[in-house]
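Data block below; observations after.
Derivation of every value follows stated rules applied to the coordinates shown; laboratory data play no part. Computed from a predicted model, the values in this text were never measured in an experiment. Every residue, glycine among them, receives a Cβ derived from its backbone with ideal geometry; neighbour counts consider all protein chains shown.
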Amino acid sequence: NKKLRTRVIGRQIRHFDNTASTGWIAKKLAAETDPEKLHGMVIIAEEQTGGVGRLGRAWVSPAGGIWLTILLKPKIPLDHLFMITMAGSVAIARAIRKEYGIAALIKWPNDIFIGDKKVGGLLLELAAEADTVHYALLGIGIDANISLTELSSPLKDILTSLKAEVGHEVDRVALLARVLREFELRYQQLEDGEYDSIIREWKSLSMTIDQRVVIKTINKTFAGEAIDIDARGALIIRKDNGKVERVIAGDCFQF
Ligand code: BTN
């Protein structure tokens, strides 16, 4: 806590050795207490037994990783809320770069990559009704000190860890403090309506923009070039037939 140089994010911290999911704890807390009072709270676990990833997938969360949820009461217009994840992705990529000098990149939508392997991911969940957002949960998973050999395939082939990349165990507290600080700066920009600077930073750290991609959504699969991202976090694709499509959710394959 001493290392934390933030004003809001992480000022309240709940730490668990083991839990099903930090997101689940956050939801429970938000149901019991006015989310306004919980704004910025970080819920962190050493291990999760029921970690949840994007598209409802299971998220393997063994000891050694950094598994956290940031509880937010956003003062951001509805149509820009997904930029919270963009701010988070930028924060993680920057934190890894600053701590270890490793060129971490963002793969659309919200994956953090080193080379061609995933090292972290983010997940935004909104509790909203009509046009009121009660709270937002930004879930963050970073494979810090997890040992890849203990993972089952295909995970061990598509993931990497900071420990594997750096060559030794990393200081998870220092990294977490850095991530929270980098995030707080960008979250402030969002609240101040400085969307362009987040989008610009996201693009400069993106390994997807200007690349050839294959997109798989629930109802179709198509190829094209990723040309841009918008304030809703949608990827803009120029398809091979010249038509332009916006993709809100799906998987992105890059070769
Ligand atoms: C993804 O699919 O890439 C997003 C993964 C997000 C995982 C984090 S770990 C902390 C928080 N608790 C969960 O159950 N999931 C998120």
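Brief remarks follow.
- Structure remark: mean-square fluctuation, Gaussian network model of the chain, C-alpha springs under 10 Å; the largest value among I66, I140, I13 belongs to I13.
- Net charge over other residues, Cβ less than 15 angstrom from the Cβ of V60 (K, R count +1; D, E count -1): -1
- Label separation (A174 vs D116): 3.2 nm, computed from points 7 Å beyond Cα along the C-beta direction.
- Average Cα contact separation per residue, the chain, under 8 Å, 6 or more apart, as relative contact order %: 18
- Overall, the chain carries a charge dipole of about 220 debye about its Cα centre when +1 sits on the Cβ of Lys and Arg and -1 on the Cβ of Asp and Glu, all other atoms neutral.
- Straight Cα distances below 16 angstrom link K3 to the aspartates and glutamates E99, D171, E182, E184, with same-chain residues fewer than 8 positions distant left out.
- Violating pairs (Cα-Cα greater than 27 angstrom) within the set K28/K118; K118/K216; K73/K243; K117/K216: K28/K118; K73/K243
- When only alpha carbons are used to place a centre, segment 177-199 and segment 93-167 end up 18 Å from one another.
- For segment 1-145, the square roots of the Cα gyration tensor eigenvalues, ordered a ≥ b ≥ c, give a/c below 1.5, which places it in the rounded category.
- Whole-Hz couplings from phi, Karplus 6.51/-1.76/1.60, listed for segment 7-14; x for Gly and Pro: 9, 10, 6, x, 5, 10, 10, 10
- Taking 0.36 nm per residue of separation and subtracting the current Cα-Cα distance, fully stretching the chain between R212 and D192 would add 3.8 nm.
- Electrostatic dipole magnitude of segment 128-229 [Cβ: Lys, Arg +1; Asp, Glu -1; Cα centre; debye, to 20]: 420
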